[in-house]
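Participant: To start, I am sharing the structure in question, which I have written as structure tokens.
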Amino acid sequence: LLRDPVERAYSAWNMHRDFNEPGYMQLKDERPFEQAIREEIDSLETAPRMAKGDYVRRGIYHEQLQRYLRHFPANQMLILESSELRRSPSAALRRVCRFLQVPDLDEGLDFPPVFAGSYIEEMPNSTERLLREFYAPHNARLFELIGRKFEWSEDRPTAAASPYMGEDGELLEKRTAA
């Protein structure tokens, strides 16, 4: 399940900013969002992980997917975009059931939002631009790897079938690492 990496980074930062519970205080991040993002982008080549956050790195999905592909056949993976789940949870669940080759679950299940929070402030436009520019080549690699674009790509999504991804989001054959 992949989420717009820009939204994911901002959501993760907001969660870390709000950590106030015992046991989580070491994860609290009081840096402004743009500072946290710039520091992480500057350190991506040299630091294996940030002491706090990993807001940017976790949105480089093609690298994570390629690690999975080294261990699992592509036809055992189903790639969904998070807005599909938000927009139509029943349809997303049916896709998962079909992929797993199990009977569809009963209709009428309730899918209330979970962990749906609000933010104290909007992401600054300049920071969103910075992240969109940073992620553009990474998203291009992801979309090439899976043969599909998501709503958060610079272009609107394409519905064209690909030799690597079925209509239901299933990867059909293993791609080699780029």
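Read-outs throughout are calculated quantities, based only on the coordinates presented, and are distinct from any laboratory measurement. Bear in mind the structure is a predicted one, so any value in this text is a computation, not a measurement. Please note: Cβ atoms are built from the backbone with ideal geometry, for glycine as well, and neighbour counts cover all protein chains shown.
Participant: Spelling out what I want: for every residue of segment 132-139, take phi, set θ = phi - 60°, compute 6.51 cos²θ - 1.76 cosθ + 1.60 (Karplus), and round to whole Hz; glycine and proline get x.
Facilitator: Taking θ as phi minus 60°, the curve returns 4, 5, 4, 6, 3, x, 5, 5 Hz for segment 132-139.
Participant: Quick one: which residues, 5+ away or cross-chain, put their amide H under 5 Å from the amide H of Phe19? H built at 1.01 Å from N.
Facilitator: Long-range HN contacts for Phe19: Asp29.
Participant: Any idea what the relative contact order of segment 1-104 is, in percent, if you count C-alpha pairs under 8 Å spaced at least 6 apart?
Facilitator: Values: 72 pairs, mean separation 33.7, N = 104.
In percent, rounded to a whole number, it is 32.
Participant: Report, by chain and number, residues whose modeled amide H sits under 5 Å from the one on Glu81, excluding near sequence neighbours (fewer than 5 apart, same chain).
Facilitator: Under 5 Å from the amide H of Glu81 lie the amide H atoms of Leu2, each far enough along the sequence or on another chain.
Participant: Please list, by residue number, every one of the GluC sites (Glu not before Pro) in segment 116-155 that is coil in DSSP and has at most 13 other beta-carbon atoms within 10 Å. Provide the component values of the computation, followed by the final result.
Facilitator: Working: sites: Glu121, Glu122, Glu128, Glu133, Glu144, Glu151, Glu154; in loops: Glu121, Glu122, Glu151, Glu154.
Counting only loop positions with at most 13 other Cβ atoms within 10 Å, the GluC sites (Glu not before Pro) in segment 116-155 are Glu121, Glu122, Glu151, Glu154.
Participant: Oh, and also: With θ taken as phi - 60° and the coefficients 6.51, -1.76 and 1.60, list the Karplus ³J(HN,Hα) couplings across segment 34-41 in order, rounded to whole Hz; mark glycine and proline as x.
Facilitator: With the stated coefficients, segment 34-41 comes to 4, 4, 4, 5, 4, 4, 5, 4 Hz.
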